[in-house]
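Undergrad: Here you go, one structure.
A short reminder: the numbers here are calculations on the coordinates, not readings from a lab. Quick caveat: nothing in here was measured; it's all calculated off a predicted structure. We place every Cβ from the backbone using ideal geometry, glycine too, and count neighbours over all the protein chains shown.
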Amino acid sequence: MKNLLPLALLLIVSSMAPAQANKADELQEFIKQYEESWQSHDAERLEGFFADDADMIVGIQPRIVGREAISSWWGGYFLRIDSGRLLTISVESIRLLSPDIALVNVDTTTGGAHSKTNEILESRKARGTWVVTRDSGDWKISALRAHSPVGELREAPGTDK
């Protein structure tokens with residue numbers, strides 16, 4: 001009986017790995033869909049990725065609380081940037097805190113071509129941390145923090161200056 005305990009633990013641990021890998025794959029797909037939605041510059045479409053009580057902090061700006069307030073912020077952001085600006089998200093890490101809560105660290109780059117002149121836009125980098133929760137089977141962003149990349153301070157995110 002004593003020899004069965006290590007085998008039982010091995011079976012439990014090995015059975016957890018595929019489940020965690022599946023969740024990581026789900027989160028990668030969620031992030032890909034978020035990135036694709038961001039490309040539309042449609043704040044209402046992006047709003048659907050956030051939990052009702054989500055909050056967001058971008059750079060040194062005040063905390064934005066609630067999905068509607070976040071949607072409003074994104075609406076203003078998209079009005080300030082060139083319509084040709086696109087987002088690329090690179091996942092730095094995904095850490096499952098529980099089966100339905102994940103901590104995701106991302107690096108982002110925005111760039112693209114100016115919508116009127118087709119001139120290449122300057123790339124802007126940022127980094128962020130998302131707390132993503134699953135409710136009724138759907139992943140939602142519960143908290144999003146976006147910061148300038150290491151060593152850079154940007155006080156006015158969302159400007160093309």
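Undergrad: Before anything else, pin down the relative contact order of the stretch 4-147: Cα pairs under 8 Å, at least 6 apart, normalised by residue count, whole percent.
TA: Once divided by the residue count of the stretch 4-147, the mean separation gives 21 percent.
Undergrad: What dipole magnitude, in Debye to the nearest 20, does the stretch 4-147 give about its Cα centre under +1 on Lys/Arg Cβ and -1 on Asp/Glu Cβ?
TA: Computed charge dipole of the stretch 4-147: roughly 400 debye.
Undergrad: If you wrap a convex hull around the C-alpha atoms of the stretch 82-157 and split its volume per residue, what is the figure in Å³?
TA: Looking at the stretch 82-157, the number lands at 111 Å³ per residue.
Undergrad: Could I ask something else about it? When all alpha-carbon pairs of the stretch 4-147 are counted, what percent fall beyond 25 Å?
TA: 34
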